[in-house]
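Asker: Can you read through this structure? Questions will come right after.
The values are calculated or read from the model by the stated rules, or taken from the named source; none is laboratory data. These figures come from a predicted structure and were not determined experimentally. No Cβ is skipped: glycine too gets one built from the backbone with ideal geometry, and neighbour counts run over all protein chains shown. These area figures cover heavy atoms from the full protein model, side chains too; ligands, DNA and RNA do not enter into them. Shrake-Rupley method; radii C 1.70, N 1.55, O 1.52, S 1.80 Å.
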Amino acid sequence: MSEMNNEFEQLLEESLVTIHNGEIVEGTVISVKEDEIVLNIGYKADGIITRNEYSNKAGIDLREEVKEGDTMSAKVLKVNDGEGQVLLTYKRLAMDKSNERIKEAFENKEVLKAKVSNVLAGGLSVVIDETKIFIPASLVSDTYEKGLSKYEGQEIEFVISEFNPKKRRIIGDRKQLLVAEKKKLQEELFAKINVGDVVEGTVKNLTDFGAFIDLGGADGLLHISEMSWGRVENPKKVFSVGDKTKVLIKDIKDDKIALSLKFEDQNPWLKADEKYSVGTVVKGKVARMADFGAFIELEPGVDALLHVSQISKEHVDKPSDVLKIGQEVEAKVVDFNKEEHKISLSIKALLNDAQTDEESVEETTAE
């Protein structure tokens with residue numbers, strides 16, 4: 001009887017497969033717990049996949065991942081784990097497969113897409129299958145970003161710039177995709193715009209000297225002096241970041257675009273000769289002063305010079321002795337030059353006219 005048992009055991013062992021560390025085996029799930037999967041792999045002992053060897057994802061319930069009867073492939077870690085069972089790994093097999101895929105992507109410069117799994121101090125971590133890929137902060141964007149928290153959970157595209165799985169160094173690069181896309185958009189933009197075109201853009205950044213407008217491929221500079229036919233004290237009083245505006249392309253030099261809001265059909269000098277002909281009495285506000293006179297703003301974009309000698313019938317050393325910025329004055333146009341955009345005013349002439357009129361009234365009354 002014992003001989004028959006020995007023969008049976010020998011035949012059973014011969015019918016079972018032999019396995020080695022590192023070998024890939026296939027089995028059927030015979031039992032699933034929250035943190036453990038048991039596989040029948042056709043060996044004298046069952047195979048065990050722990051939660052840590054199933055996935056890098058934290059806290060998963062294996063009962064939600066596989067069911068009894070499922071067929072799985074796994075890699076042998078230890079033929080005998082010390083308790084007579086075979087220790088298997090599913091995640092390392094998946095990692096090997098994903099490494100092959102990532103290697104091909106690296107060699108072919110393929111664009112990959114994955115969700116950001118972790119925001120680290122020095123960059124972003126993404127996972128493709130079970131392979132972790134690190135994207136350094138310097139390769140996340142083509143512009144400086146103070147923090148990367150906004151990328152948490154976001155799906156991003158990137159290429160593999162370095163592949164060394166033995167050293168666990170697989171580096172992703174998102175920056176070069178953004179640079180390439182911007183270059184493409186820039187080329188498309190410059191191919192279709194010309195000086196004199198009116199285009200729509202979005203205010204991207206504001207400085208003391210102007211606004212940078214995103215034209216969809218390149219930024220153009222709208223200088224403070226080109227924001228209005230009149231004076232602008234500060235761009236931030238006119239625009240906010242994100243504002244949409246139509247602008248005139250004033251100049252294009254290499255990759256620099258100069259913009260303007262001074263549309264010619266709105267030029268106040270077009271009809272200035274009708275409004276400010278010689279002899280016309282006008283009102284305006286003192287805009288700025290120099291030792292030789294005061295500049296009076298008659299309307300936005302149209303200034304006139306009130307020479308110091310024409311401020312009063314009395315002697316005036318300098319305009320600031322009798323005038324203030326913002327003060328409204330009334331004066332007479334004594335000279336007009338449309339070509340040079342120059343208008344000269346005189347309060348003295350207006351006073352002389354008033355005196356002459358007064359004297360004429362007195363003479364008429366005496367008669």
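Asker: Per residue, how big is the convex hull around the C-alpha atoms of region 125-236? Give it to me in cubic angstrom, could you? Write out the running numbers ahead of the final one.
Answerer: On the way: hull volume 15.3 nm³, N = 112.
For region 125-236, the hull spanned by Cα atoms encloses 136 Å³ per residue.
Asker: Quick one: if you stick a label point 7 Å off each Cα along the C-beta vector at GLU339 and GLU104, how many nm between them?
Answerer: Simple spin-label model gives 7.6 nm for this pair.
Asker: With a 1.4 Å probe and all protein chains kept in place, how do MET95, MET72 rank by accessible area, largest first?
Answerer: The residues order as MET95, MET72, largest area first.
Asker: Between ASP291 and ASP142, 0.36 nm times their residue separation minus their Cα-Cα distance comes to what?
Answerer: Stretched out fully, the ASP291 to ASP142 stretch lengthens by 48.6 nm.
Asker: Put +1 on the Cβ of every Lys and Arg and -1 on every Asp and Glu Cβ in region 157-284; which of GLY284, ASN164, PHE209 then has its Cα farthest towards the positive end of the dipole?
Answerer: Farthest towards the positive pole: ASN164.
Asker: If you don't mind, there's one more thing I want to ask. From largest accessible area down, sort THR50, THR71, THR131; use a 1.4 Å probe on the protein chains.
Answerer: Listed by decreasing accessible area, they come as THR71, THR50, THR131.
Asker: Considering only protein heavy atoms and a 1.4 Å probe, what is the carbon-and-sulfur percentage of the accessible area of region 59-146?
Answerer: Carbon-and-sulfur percentage of accessible area, whole number: 45.
Asker: On alpha-carbon atoms, Rg over Rh for region 19-152 using Kirkwood Rh?
Answerer: Details: Rg = 18.2 Å, Rh = 16.8 Å.
With Rh from the inverse mean 1/r over Cα pairs, Rg/Rh is 1.09.
Asker: Using just the helices of the chain, give the 222 nm mean residue ellipticity in deg cm²/dmol: DSSP H runs with n ≥ 4 each add -39,500 (n - 2.57), and the total is spread over all residues, rounded to 500.
Answerer: Numbers: 6 runs with 78 residues, N = 367.
My calculation for the chain gives -6500 deg cm²/dmol from helical runs alone.
Asker: For LYS271 and LEU177, calculate 0.36 nm times their separation in residues minus their Cα-Cα distance, and state this gained length in nm to one decimal. Present the calculation step by step, with values, prior to reporting the outcome.
Answerer: On the way: separation 94, 0.36 × 94 = 33.84 nm, distance 5.19 nm.
So the chain would gain 28.6 nm between LYS271 and LEU177.
Asker: Under the 0.36 nm per residue contour assumption, what length would be gained going from the current alpha-carbon distance of LYS167 and LEU351 to full extension?
Answerer: 57.1 nm
Asker: For the chain, which longest stretch is free of loop sites, where a loop site is one of the chymotrypsin sites (Phe, Trp or Tyr not before Pro) that DSSP puts outside H, G, I, E and B and that has at most 15 other Cβ atoms within 10 Å?
Answerer: So the longest stretch without any such site is 1-143.
Asker: Tell me, how many Å apart are the Cα centres for region 232-248 and for region 158-179?
Answerer: Centre-to-centre distance over Cα atoms comes out at 39 Å.
Asker: Taking 30 Å as R0, compute the FRET efficiency from the Cβ-Cβ separation of ASP129 and GLN186 and round it to 0.05.
Answerer: After rounding, the FRET efficiency stands at 0.25.
Asker: For the chain, what log10 I(q)/I(0) values come out of the Debye formula at q = 0.07, 0.08, 0.15 1/Å, with one point per alpha carbon and no solvent?
Answerer: -0.62, -0.70, -1.25
Asker: Please report the accessible area of LYS318 (heavy atoms, 1.4 Å probe, ligands and nucleic acids excluded) in Å², nearest 10.
Answerer: Ignoring ligands and nucleic acids, LYS318 comes out at about 90 Å².
Asker: Could you work out the relative contact order of the chain? I mean the mean sequence separation of Cα pairs under 8 Å and 6+ apart, divided by the number of residues, in percent. Numbers along the way, then the final one.
Answerer: Details: 686 pairs, mean separation 28.5, N = 367.
Relative contact order of the chain: 8 percent.
Asker: Looking at region 262-351, send over the antiparallel percent of its DSSP beta bridges, to the nearest 5.
Answerer: 90
Asker: Under a plain spin-label model, where a point goes 7 Å from the Cα along Cα-to-Cβ, how far apart in nm are GLU34 and ASN80?
Answerer: Here the answer is 3.3 nm between the modelled labels.
Asker: Just the Cα atoms of region 215-367: what Rg and Dmax do they give in Å?
Answerer: Final numbers for Rg and Dmax: 20.7, 80 Å.
Asker: Also, quick follow-up: Would you work out the charge dipole size for the chain about its Cα centre, treating the Cβ of every Lys and Arg as +1 and the Cβ of every Asp and Glu as -1, and quote it to the nearest 20 debye?
Answerer: 760
Asker: Can I ask one more? Putting +1 on Lys and Arg Cβ atoms and -1 on Asp and Glu Cβ atoms, find which of LEU306, VAL127, LEU350 reaches farthest to the positive end of the dipole of the chain.
Answerer: Going by the charge dipole, the pick is VAL127.
Asker: Step through the table entries LYS150/LYS262; LYS115/LYS192; LYS115/LYS246; LYS183/LYS244; LYS204/LYS271, compare each Cα-Cα distance with 30 Å, and write down the pairs that go over it.
Answerer: In this structure, LYS150/LYS262; LYS115/LYS192; LYS115/LYS246; LYS204/LYS271 exceed 30 Å between Cα atoms.
Asker: Pick out, from ASN108, GLY47, GLY59, the residue whose Cα sits farthest towards the positive end of the charge dipole of the chain, with +1 on the Cβ of Lys and Arg and -1 on the Cβ of Asp and Glu.
Answerer: GLY47
Asker: By a straight-distance test (C-alpha under 16 Å), which lysines pair with LYS97 as possible cross-link partners, with residues fewer than eight away in the same chain excluded?
Answerer: LYS97 reaches LYS75, LYS132, LYS166.
Asker: Another question, then. Relative to a virtual label point 7 Å from the Cα of ILE24 in the Cα→beta-carbon direction, which members of region 86-101 show backbone nitrogen distances below 18 Å?
Answerer: 88-101
Asker: Using label points projected 7 Å from each Cα along Cα→Cβ, tell me how many nm separate LYS246 and LEU120, to one decimal.
Answerer: 5.1
Asker: Still on this structure: With every protein chain left in place, what is the accessible area per residue of the chain in square angstrom, probe 1.4 Å?
Answerer: Per-residue accessible area for the chain comes out at 62 Å².
Asker: Once you compute Rg and the Kirkwood Rh from C-alpha atoms, what is the Rg to Rh ratio for region 117-184?
Answerer: Ratio of gyration radius to Kirkwood radius: 0.96.
Asker: Also, quick follow-up: Could you pull out every one of the aspartates and glutamates with an alpha carbon less than 16 Å from that of LYS236, ignoring same-chain neighbours closer than 8 positions?
Answerer: Those aspartates and glutamates meeting the cut-off are ASP208, GLU226.
Asker: Connecting C-alpha atoms closer than 10 Å in a GNM of the chain, tell me which of ALA218, ALA114, ALA191 has the biggest fluctuation.
Answerer: ALA191
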